[in-house]
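**Q** Below you'll find the structure I mean.
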Amino acid sequence: MFLKNNSKIPLDRFINKVLYNKNNGYYMNKNPIGHKGDFITSPNISIMFSEMISIWLISFWEKLGCPKKINVIELGAGNGEMMFQILKTVERFNKFNSCSNFIIYEKSTYLKKIQKNKINFKNIKWLNNLKKIPKFPSIFIANEFFDALPIKQFLKRNNNWYEKYIINKDKSLNFFEKKIKKDFIEKLIRQKIQRNQKFIEYSPLANEKLNTISKIIKKQNGGLLIIDYGYKDKKMFDTLQSVKNHKKNFLLENIYKSDITHLINFDFFIKRIKNLEIDSINLTTQREFLLKMGILERAEIISKNMPFSKKSDIYFRLKRLIDKKQMGTLFKVLFATNKKNNFNLGF
Ligand SMILES: C[S@@+](CC[C@H](N)C(=O)[O-])C[C@H]1O[C@@H](n2cnc3c(N)ncnc32)[C@H](O)[C@@H]1O
């Protein structure tokens, strides 16, 4: 039984249990990424995505003054494809490569095993505690990491606020709304709730991670690059979704067998990061970022002498990444760093 009869838990604890329960959790037992899985991510669509990230990393390192030691940390590495391609790409950039400590921060022991099998390079480590990364300038990269963290949901009805819970009533899972004080929510999210705001999504875990990361960046220098799907409106709405076999799934069905994600509210993230005193923030779409990083030129170079079928495959994949109707505008890129770094390549 997922929940004891007549008991209830808040939505974030429900998501945490479904996705990350040690024994049955969705991310703890399978590789969800790819055609045979439930969804696909940019690094698994085209190698060019990770190549663009690699060039961005090297340029940022140069802008930081080519420090002799730098940490490059990937948050939530899935099947390890992006880190694998980054390491392959930077092999050709000796100086940067020899200065870099590559680190993966990953919760799932099952995915960690897949990553370790795949990434057969020497200069990479896995760390379970962000506070233990070596004390060098640090660049954090998070592709579809924050959308996988559990969220709470609050809704306003007839001037009252409620928190969403999941209840087991007569052996069937249902939603339940528990009355909650507005003050409590404001304290938790560390922001005043605007009058026209009727719905709030908030991830305590994302906030905790942003806290830790911003402290490291402030102390040791570096930056955070977030690539994720989301929107920038001040007004929040219900973005929770469950996905199975590349199709939508009802949240309370196929427990442990389907993914649960949400859209990032970038307006909220930016405010939060500014409060944490990482004062230079850039935001753009995945399309703009990749185009500015030169993905079209890269596609031209690698497809030059290829037969038509391979060439069209490269451009088909490129289109998925940058097309406005596909991942191009729904996916955003956020870069946060100290103002003094004055780096904005790709934005
Ligand atoms: C949607 S997948 C994205 C994978 C990869 N970045 C990609 O783009 O293909 C989310 C990843 O974050 C990991 N993850 C989720 N919560 C985590 C946490 N609290 N700490 C570390 N990793 C976490 C998951 O296990 C998974 O590897």
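**Q** From the set of residues in the stretch 293-347 that are within 17 Å of I55 (Cα to Cα) and among the aromatic types (F, W, Y), which is surrounded by the most Cβ atoms within 10 Å (Cβ to Cβ)?
**A** Result: F335.
**Q** Shifting gears a bit: Tally the residues that are touching a residue at least 60 places away in the same chain (Cβ under 8 Å) and away from the ligand (no atom under 14 Å from the Cβ), restricting the search to the stretch 115-154.
**A** 8
**Q** Report yes if Y315 is of a type outside the set (V, I, T) and within 15 Å of the ligand (Cβ to nearest atom), otherwise no.
**A** In short, no.
**Q** Further question: Take the residues in the stretch 261-292 that are hydrophobic (A, V, I, L, M, F, W, C) and farther than 17 Å from T337 by Cβ, then tell me which one is surrounded by the most Cβ atoms within 10 Å (Cβ to Cβ).
**A** L290
**Q** Of the residues in the stretch 224-276, how many are within 19 Å of N31 (Cα to Cα) and among the β-branched types (V, I, T)?
**A** 4
**Q** I'm checking my understanding of the structure. Among residues of the stretch 229-275 that are closer than 19 Å to G37 by Cα and among the acidic types (D, E), which one is nearest to the ligand (Cβ to nearest atom)?
**A** D259
**Q** With respect to the numbered conditions (1) surrounded by fewer than 21 Cβ atoms within 10 Å (Cβ to Cβ); (2) in contact with a Gly (Cβ under 6 Å, 6 or more places away or on another chain); (3) not small (G, A, S), which one is the sole condition not fulfilled by K36?
**A** (2)
**Q** Give me the residue from the stretch 64-114 that is among the small types (G, A, S) and near the ligand (Cβ under 7 Å from one of its atoms) and, out of that set, farthest from S46 (Cα to Cα).
**A** S108
**Q** Separate question: Tell me which strands (runs of 3 or more DSSP E) are completely within the stretch 101-216 and hold 2 or more residues being within 21 Å of the chain's Cα centre (by Cα) and under 30 Å from W61 (Cβ atoms), or say none if there are none.
**A** Result: 124-126, 138-143.
**Q** Return the pair list, or none, for Cβ contacts closer than 7 Å from residues in the stretch 185-208 that are basic (K, R) to residues that are modelled with pLDDT under 95, at least 6 apart or on different chains.
**A** The qualifying pairs are R190/N275.
**Q** So for the stretch 221-229 (the condition being loosely packed, with under 15 Cβ neighbours inside 10 Å and either touching a residue at least 12 places away in the same chain (Cβ under 8 Å) or touching a helix residue (DSSP H, G or I) at 6+ places or on another chain (Cβ under 6 Å) (or both)), does at least one residue qualify?
**A** no
**Q** Just to be sure, is I217 closer than 17 Å to E74 by Cα and modelled with pLDDT of 95 or more?
**A** yes
**Q** For the stretch 27-46, give me the residue count where each residue is within 10 Å of the ligand (Cβ to nearest atom), under 20 Å from F316 (Cα atoms) and not aliphatic (A, V, I, L, M).
**A** Total satisfying the criteria: 6.
**Q** Report every pair of residues separated by at least 6 positions or lying on different chains whose Cβ atoms are under 7 Å apart, first residue within the stretch 255-270 and farther than 19 Å from F14 by Cα, second more than 13 Å from the ligand (Cβ to nearest atom) and of a type in the set (K, R).
**A** Going by the 7 Å Cβ cut-off, the qualifying pairs are F266/K232; F266/K332; D267/K232; D267/K234.
**Q** Consider the stretch 4-24. How many of its residues are of a type in the set (G, A, S) and near the ligand (Cβ under 9 Å from one of its atoms)?
**A** So the answer is 0.
**Q** Follow-up. Condition test on E51, is it within 11 Å of the ligand (Cβ to nearest atom), of a type in the set (D, E), within 23 Å of I226 (Cβ to Cβ) and surrounded by 16 or more Cβ atoms within 10 Å (Cβ to Cβ)?
**A** no
The rows are residues; the columns are (1) within 19 Å of T261 (Cα to Cα); (2) surrounded by 12 or more Cβ atoms within 10 Å (Cβ to Cβ); (3) at pLDDT below 95; (4) out of contact with any Cys (no Cβ under 6 Å at 6 or more places or on another chain).
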| residue | (1), (2), (3), (4) |
| --- | --- |
| K152 | yes, yes, no, yes |
| N159 | no, no, yes, yes |
| I166 | yes, yes, no, yes |
| K169 | no, yes, yes, yes |
| F176 | no, yes, no, yes |
| E186 | no, yes, no, yes |
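The values are calculated or read from the model by the stated rules, or taken from the named source; none is laboratory data. It should be emphasised that the depicted structure is a prediction, and the values quoted were computed from it without experimental measurement. Don't worry about glycine lacking a Cβ; one is built from the backbone with ideal geometry, like all the others, and counts go over all protein chains shown.
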